[in-house]
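Asker: Below you'll find the structure I mean.
Just so it is clear, none of the values below were taken in a lab; they were calculated from the coordinates. Given the structure is predicted, the values throughout are model-derived calculations rather than measurements. A quick note on method: Cβ atoms are made from the backbone with ideal geometry, for glycine too, and the neighbour counts reach across all protein chains shown.
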Amino acid sequence: MDKILIRGGAPLSGAVPIGGAKNAALPLMAASLLTAEPLVLENLPDLADITTMSNLLAQHGVAITPVKGANCGAARGRTLEFSARTIASTTAPYDLVRRMRASFLVLGPLLARCGEARVSLPGGCEIGTRPVDLHIKGLERLGAEVELREGYIEAKAPKGLRGAEFAFPSVSVGATENLLMAAVLAEGETLLVNAAREPEITDLAACLNAMGARIDGIGSDRLTINGVSSLHRARHRVIPDRIETGTYLMAAAATGGDLTLLGARLDHVESVARALEPAEVVVSEVADGLRVRRRNGRLAGVDVMTEPFPGFPTDLQAQIMALMATAEGASMITETIFENRFMHVPELMRMGANITVHQASALVRGVKRLMGAPVMATDLRASVSLILAGLVAEGETVVDRVYHLDRGYERVEEKLAACGARIERVNGGA
Ligand code: EPZ
């Protein structure tokens, strides 16, 4: 199994290309199930989760082909065509869904297009229980009959889905995406209240409209969808990954470096730039993306609370904790989205961080230096926070279970090494 080896202490400088957003790409790929005509997606990142979604779609009957001539140039993201001319199977099997929870996003499109879907329940997850009750309740509101049988959600709408109003009791990115994709082919008008407003939702809604859907209120928490009888071909470019952007912002800040994040968008990471400002980190817009550097001297501790967009993202909580580990003073980091998203804490403490967790908050008392150590984590963002810690630690850090990183960070060691980090991937055997 591969490991990442880091010798810390080198400030990063240079430019990092930001890839297409994983969490935008996955629902966009699922949206290809909604039409018999091809959907071309540009700027897809080359990640394990994208392969998993491709495998799932292929077994539903989607033909996936690279689009010639579109994959060259500075932007390395791939362009693929997804063609769901006929749906071969409306079952999403446990074997594939358990590997990646986002597989559950095929439920809405399959139900809307075929009037039935059988999708395995994803099961538990390292960061929380992550139920799917809101997806189910919303689909039931649109007229679906839903049953749980042998670990599978079986949903039927023999006469088609009907538009309705659904108010989310709490914000859910995935449930908003599933309902949006179901409602575009429902009969009549659907109103989604307290919908998630993440840029990934905006991207999905924009793509669906390009496919012929009629969605209003994009970017707000009230989405109105006027159902249409069918969707058509479209070509869409995936937005840049705001979580990858935020991660490299933290990497530059942690090492006292100066990085340009090519293609990154400030409007997607405003809460992050705002949180970093009192920490003495400057994020500014430049012609080709964002520039980040430390004002002077040591970082200052700041308090952060995760919230749905436009608040500070939970997917950057582990990374800012690694950053705050060596800041001057204390910072309080509060996680409000997931109930168990502090698995990186004991690993950071093995590197010398001083962190106390009480319920949903972690009090980080900044230390002068971290020390390299062998570490591992059980999820994607926790793993990358250990890489950030390794970049500033004295000595050698070895991050194990690299497959977590490969789910969401494209060529992370290459991108960091190109900016001066002493980092390499090593083959650690079985
Ligand atoms: C998406 O997950 C992202 N995944 C997550 O990124 C991200 O952390 C999360 O949104 C929050 O921003 C993808 O986009 C593929 P939610 P999702 O539904 O949609 C509860 C990463 O590292 N909830 O917004 O699953 C849920 O338990 C991943 O890239 C219900 O109670 O998140 C959580 O506490 C990790 N019932 C909260 O809502 C439901 O039916 C927010 O979850 C659905 C969710």
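Asker: Please give the charge dipole size of segment 77-147, origin at the Cα centre, charges +1 on K and R Cβ atoms and -1 on D and E Cβ atoms. Round to the nearest 20 debye. Walk me through the numbers before you get to the answer.
Answerer: Details: 10 positive and 8 negative charges, 50 e Å.
Magnitude of the dipole: close to 240 debye.
Asker: Separate question: Tell me the mean residue ellipticity at 222 nm calculated for the chain from its helices only (DSSP H runs of n ≥ 4, each -39500 (n - 2.57), averaged over every residue, nearest 500).
Answerer: Details: 14 runs with 128 residues, N = 430.
Calculated mean residue ellipticity at 222 nm is -8500 deg cm²/dmol.
Asker: Based on alpha-carbon centroids, what's the gap between segment 372-430 and segment 1-59 in Å, whole number please?
Answerer: Distance between centres, Cα-based: 18 Å.
Asker: Please sort by residue number the trypsin sites (Lys or Arg not before Pro) in segment 333-374 whose DSSP state is loop and whose Cβ has at most 11 other Cβ atoms within 10 Å.
Answerer: 368
Asker: Please compute P(r) over all alpha-carbon pairs of segment 47-189, binned at 5 Å starting from zero, and give each bin as a whole-number percent.
Answerer: 2, 10, 18, 21, 19, 14, 9, 5, 2, 0
Asker: Here is a follow-up. Please list, by residue number, every one of the GluC sites (Glu not before Pro) in segment 116-178 that is coil in DSSP and has at most 14 other beta-carbon atoms within 10 Å.
Answerer: 150
Asker: Here is a follow-up. Among 211, 161, 186, whose Cα projects farthest towards the positive end of the dipole of segment 137-252, with charges put on the beta-carbon of Lys, Arg (+1) and Asp, Glu (-1)?
Answerer: It is 211, whose Cα lies furthest towards the positive end.
Asker: What shape does segment 235-346 have by the C-alpha gyration tensor, where a ≥ b ≥ c are the square roots of the eigenvalues, rounded means a/c under 1.5, and otherwise prolate means a/b greater than b/c and oblate the rest?
Answerer: Since a/c reaches 1.5 but b/c is at least a/b, the shape of segment 235-346 is classed as oblate.
Asker: Follow-up question, since we're still on this one. Using Cα centres only, tell me the gap between segment 157-194 and segment 264-286 in whole Å.
Answerer: 34 Å
Asker: Rounded, prolate or oblate for the chain? Axes are the square roots of the Cα gyration tensor eigenvalues, ordered a ≥ b ≥ c, and the cut-off for rounded is a/c under 1.5. Can you show the working numbers first?
Answerer: Working: a/c = 1.85, a/b = 1.73, b/c = 1.07.
Note, shape of the chain comes out prolate.
Asker: When a/c reaches 1.5 or more, the comparison of a/b and b/c decides; with that in mind, is segment 284-430 rounded, prolate or oblate per its Cα gyration tensor?
Answerer: Rounded, because the longest to shortest axis ratio a/c is under 1.5.
Asker: Can you tell me the order of 313-324, 86-97, 272-283 when each peptide is scored by its average per-residue count of other Cβ atoms within 10 angstrom, highest first?
Answerer: In decreasing order of mean packing, 313-324, 86-97, 272-283 become 313-324, 272-283, 86-97.
Asker: Filter the trypsin sites (Lys or Arg not before Pro) in segment 1-89 to those in DSSP coil with at most 13 other Cβ atoms within 10 Å of their Cβ, and list the result.
Answerer: 68, 85
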